[in-house]
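Remarks on the structure that follows.
The values are calculated or read from the model by the stated rules, or taken from the named source; none is laboratory data. Computed from a predicted model, the values in this text were never measured in an experiment. When we count neighbours, we look across all protein chains shown, and the Cβ atoms used for this are built from the backbone with ideal geometry, even at glycine. Heavy atoms of the whole protein, side chains included, go into the accessibility calculation; ligands, DNA and RNA do not. Shrake-Rupley method; radii C 1.70, N 1.55, O 1.52, S 1.80 Å.
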Amino acid sequence: MAYFITLLICFITSVLITPLVKKLAFKIGATDRPNQRKVHQKIMPRLGGLAIYIAFIVGVVFLDPDNVFEVPILLGSVIIIITGFLDDLFELSPKVKLAGQLLAAFVVVVFGGVQVEYINLPFGSQLHFGFLSIPLTILWIVGITNAINLIDGLDGLAAGVSAIALITISWMAILKGDMFVTGMGFILLGSILGFLIYNFHPAKIFMGDTGALFLGYMISVLSLLGFKNVTAISFIIPVIILGVPISDTFFAIIRRLLKKQPLSAPDKSHLHHCLLRLGYSHRQTVLIIYGMSALFGLVAIILSKAAAWVSMIILTIVVLALELIAEKIGLVGKNYRPILKIVRGIRYANMRK
């Protein structure tokens with residue numbers, strides 16, 4: 001019951017604080033101006049993540065989860081919030097933003113002990129990461145942080161996808177009896193939902209990097225806490241939960257490598273851009289991606305209960321479906337269609353027989 005009360009407190013706090021943050025953003029110049037790469041057509045305040053963070057802190061103080069991970073996680077969150085705030089205000093260079101993310105991840109991994117040290121393999125053996133444990137965990141945190149940031153391109157998109165991921169993480173934490181992850185998940189969920197009232201299309205405020213980096217950081221850490229040192233199949237579960245931002249980031253990397261562009265180069269070919277080009281409205285695109293996120297969450301829950309061979313079949317289907325969707329909507333490029341070309345070749349060969 002305390003978790004639901006905390007969720008409500010965070011929701012109300014976020015609803016009350018967001019308009020004040022909006023005024024602050026305009027006052028200090030933390031605004032987002034339209035350009036050829038962006039969808040919005042007017043100047044928008046982009047400091048909304050600060051409202052989410054304030055509501056989050058209120059929730060933490062109210063619930064006071066008693067866990068050794070708490071202080072390092074909060075310290076890392078302060079670093080990531082400062083990084084996002086400065087970027088929303090001054091537009092930091094990619095290198096400076098990355099430095100802030102690495103520092104936040106380093107704090108929670110080294111001082112908080114949030115590390116994936118080994119994976120339990122089939123037949124009773126284990127795969128120990130050894131000295132690679134720390135860099136691999138830091139890479140996960142920074143990667144997910146940036147993945148959430150990359151999908152923050154439409155009203156309510158990053159907030160909604162994050163909320164769906166947190167619902168999945170919290171539900172699975174409840175099933176495992178992990179009250180710390182459950183509590184933190186509920187706190188974040190309430191904070192996001194309160195902000196989403198102002199952020200859903202047509203948005204009155206953007207979360208900015210303050211929000212996107214913070215949510216990415218927290219989701220990456222909570223997913224590690226919920227699934228660290230587990231089986232090989234279970235280790236895939238946090239990847240599935242975050243399937244939308246991870247796959248979008250993956251295909252963005254492929255796209256930029258094929259075009260010989262820097263990985264940090266912005267473009268207008270992300271998942272939401274492709275759906276918009278297909279003729280879907282702003283709101284329809286967001287709801288479609290919400291649906292995809294919910295489907296990934298459902299798959300993750302099924303995988304957590306399924307036998308290993310069933311999990312492998314499901315994972316194969318998911319990967320194949322993602323590739324086909326990417327090719328169909330042009331996520332990598334109009335000419336990138338290896339599987340579709342094979343299918344067409346088979347059809348053509350059969351027609352000639």
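Ordered by residue, what ³J(HN,Hα) values in Hz, to whole numbers, does the stretch 270-276 give under the Karplus form 6.51 cos²θ - 1.76 cosθ + 1.60, where θ = phi - 60° and Gly and Pro are x?
Computed from phi, the couplings for the stretch 270-276 are 6, 3, 5, 5, 5, 5, 4 Hz.
So the label point goes 7 Å from the Cα of residue 267 along Cα→C-beta, right? Which residues of the stretch 322-342 then have their backbone N under 20 Å from it?
Counting only backbone N, you get 322-341.
Rounded to the nearest 0.05, what FRET efficiency do residue 257 and residue 1 have when you use their Cβ-Cβ distance and R0 = 41 Å?
Approximately 0.25, to the nearest 0.05.
Taking a 1.4 Å probe, which of 46, 337, 283, 255 shows the most accessible area, and what order do the others take after it?
283, 337, 46, 255
Report, by chain and number, residues whose modeled amide H sits under 5 Å from the one on residue 32, excluding near sequence neighbours (fewer than 5 apart, same chain).
Close amide H contacts, sequence-distant or interchain: 44, 46.
Length gain on complete extension for the stretch residue 335 to residue 310, per 0.36 nm per residue less the alpha carbon to alpha carbon distance?
Roughly 5.6 nm would be gained on extension.
7 Å from Cα along Cα→Cβ at both residue 324 and residue 12: what's the point-to-point distance in nm?
It is 4.9 nm.
Quick one: what Rg and Dmax do you get for the stretch 195-329 from the alpha carbons, in Å?
Values for the stretch 195-329 (Cα only, Rg and Dmax): 16.4, 47 Å.
Whole angstrom only: what separates the Cα centroid of the stretch 271-296 from the Cα centroid of the stretch 160-228?
20
Heavy atoms only, probe 1.4 Å: what % of the accessible area of the stretch 134-260 goes to carbon and sulfur, would you let me know?
On the stretch 134-260, the fraction of accessible area on carbon and sulfur atoms equals 75 percent.
Mind ranking 140, 171 by accessible surface for me, highest first, 1.4 Å probe?
Largest to smallest exposure gives the sequence 171, 140.
So what is the 222 nm mean residue ellipticity for the chain from helices alone, if each DSSP H run of at least 4 adds -39500 (n - 2.57) and you divide by all residues, rounding to the nearest 500 deg cm²/dmol?
It comes out at -23500 deg cm²/dmol, rounded to the nearest 500.
So with the 1.4 Å probe, I'd like the accessible area per residue for the stretch 1-351, rounded to whole Å².
47
Can you give the FRET efficiency to the nearest 0.05 for residue 42 and residue 175, using r as the Cβ-Cβ distance and R₀ = 41 Å?
0.40
Of the listed pairs 42/97; 23/97; 97/260; 27/204; 268/334; 260/334, which have alpha-carbon separations greater than 18 Å here?
42/97; 23/97; 97/260
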